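Structure first, then comments.
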Amino acid sequence: MRGIQLWRRSEITAQIIDGKAIAQKVRTEVAVGVSNFVGSHGFAPGLTVVLVGDDAPSAVYVRGKEKASQEAGFNGQVIHLPEITPESEVLAIVHHLNADGTVHGILVQLPLPDHIDSDLITSAISPDKDVDGMHPTNLGKLLAGSPGFIPATPLGIQRILVEEKVKLSGAQVVICGRGSLVGRPLSILLSQRGPEANATVTLCHTGTRNLACATRGADVLIAAMGQAQVITADMIKPGAVIIDAGTSRVNDPTRKRGYRLSGDVAFEEVSQVASAITPVPGGVGPLTIAMLLQNSLRAANRATLGV
Ligand code: GUN
């Protein structure tokens, strides 16, 4: 109740962070790097995405990755395998891609069908081509603070915060969601020593006893739960920066496709309390693709120049 009064009274109207514009900036930087790479080597850096099955959201994400990689000048390929593909065959394809000198980056889209062990497949990707940053070697490097590949969504969130000049050093950052693609690696990334991190990070999850109590202390709140609109205005400290990494499909008969995308944050009410907020869509999502491209260019440069 106290929180609801807070946001109704508040005069703050949040700045809406334009993730598409930031992503475009990154994609332009990457395209220049790719052009230089082609100039030096006479061939394009290669990124291959493996998609198994017919999960509709995954198919949309993978199409986006393929299109963006080709626009940036990569040799961007998708290997689309049927749902019933045996685990051994997916493993064999990963081994083949590891050995292919024209492929510098490999991403196996998650989730995989139930009969395939995601950890087994992720661990089979060469750490040097693991542009998803999900191989245990790269996750270990992230933990150790040494240079490896960092998962794209956490990198993209950090880039948004840097571009928006959000002071992270000493800030209270609260992350909701401990998933291995976003929340957990992001908690490590933002708590590292360094000018673009150095935050005091609280990682909340389904076991957190009083979520609102934790979120109300956040200077920067990052939602990565995958539950539509669960972060409400009464959970926000006035003036906080809100990053919404959730994307859920919510039934919407008024839309031609029958659904709309929703973030984890109740955007309308929270934007009256926050100082800045990312929308869904158009916030974190575009950065995920852009940072994948950045990682892929880095993989290609490291493979060919050792940088
Ligand atoms: N599925 C949803 N996001 C991702 C991602 O960043 N990487 C992979 N491999 N799968 C995903």
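The values are calculated or read from the model by the stated rules, or taken from the named source; none is laboratory data. This is a predicted model, so every value here is computed, not measured. Quick reminder, even Gly has a Cβ in these numbers, built from the backbone with ideal geometry, and neighbours come from all protein chains shown. Surface accessibility is based on the protein's heavy atoms, side chains included, excluding ligands, DNA and RNA. Shrake-Rupley method; radii C 1.70, N 1.55, O 1.52, S 1.80 Å.
Points worth noting:
- Trypsin sites (Lys or Arg not before Pro) within segment 151-192, DSSP loop, no more than 10 other Cβ atoms inside 10 Å: K165
- By DSSP, the beta bridges lying fully in the chain are antiparallel in about 10 percent of cases.
- Geometric descriptor of segment 92-244, per residue, is 127 Å³ (volume of the convex hull of the Cα atoms).
- Charge dipole of the chain (Cα centre as origin; +1 on each Lys and Arg Cβ, -1 on each Asp and Glu Cβ, all else neutral): 940 debye, rounded to the nearest 20.
- Taking Cα atoms only, the orientation of helix 284-305 departs from the longest principal axis of the chain by about 30 degrees.
- Once the Cβ-Cβ distance of C213 and S169 is raised to the sixth power relative to R0 = 22 Å, the FRET efficiency obtained is 0.35.
- Note on the chain: Cα convex hull, mean projected area over all directions, 16.5 nm².
- Placed amide H near V52: partners under 5 Å, 5+ positions off or other chain: L81, Q109
- Approximating the spin labels as points 7 Å out from Cα along Cα→Cβ, the L91-to-S118 distance works out to 1.9 nm.
- Simple point charges give the picture: +1 on the Cβ of Lys and Arg, -1 on the Cβ of Asp and Glu, and for segment 167-307 a dipole about the Cα centre of about 420 debye.
- Averaged per residue, segment 148-307 has 42 square angstrom of accessible surface, using a 1.4 angstrom probe with ligands and nucleic acids left out.
- Compared with the dominant Cα axis of the chain, that is its longest principal axis, helix 152-163 is turned about 50°.
- Entry note, the chain: the mean residue ellipticity at 222 nm calculated from DSSP H runs of n ≥ 4, each adding -39500 (n - 2.57), is -13000 deg cm²/dmol after division by the residues and rounding to the nearest 500.
- Selection among A290, Q229, L261 by position relative to the dipole of segment 188-307 gives A290 as farthest towards the positive end (Cβ unit charges, Cα centre).
- Each Lys or Arg adds one and each Asp or Glu takes one away; over the other residues whose Cβ falls under 11 Å from the Cβ of D114, this sums to -3.
- Computed over segment 81-148, the range of Cα coordinates on each principal axis works out to 39, 27, 14 Å, biggest value leading.
- Here the accessible area of the chain is 53 percent carbon and sulfur, with a 1.4 angstrom probe and all protein chains present.
- For segment 150-203, size of Cβ-based charge dipole, Lys and Arg +1, Asp and Glu -1, in debye: 120
- Residues whose amide H falls under 5 Å from that of I222, counting only those 5 or more places apart or on a different chain, are V174, I175, C176, I243, with hydrogens built in the peptide plane.
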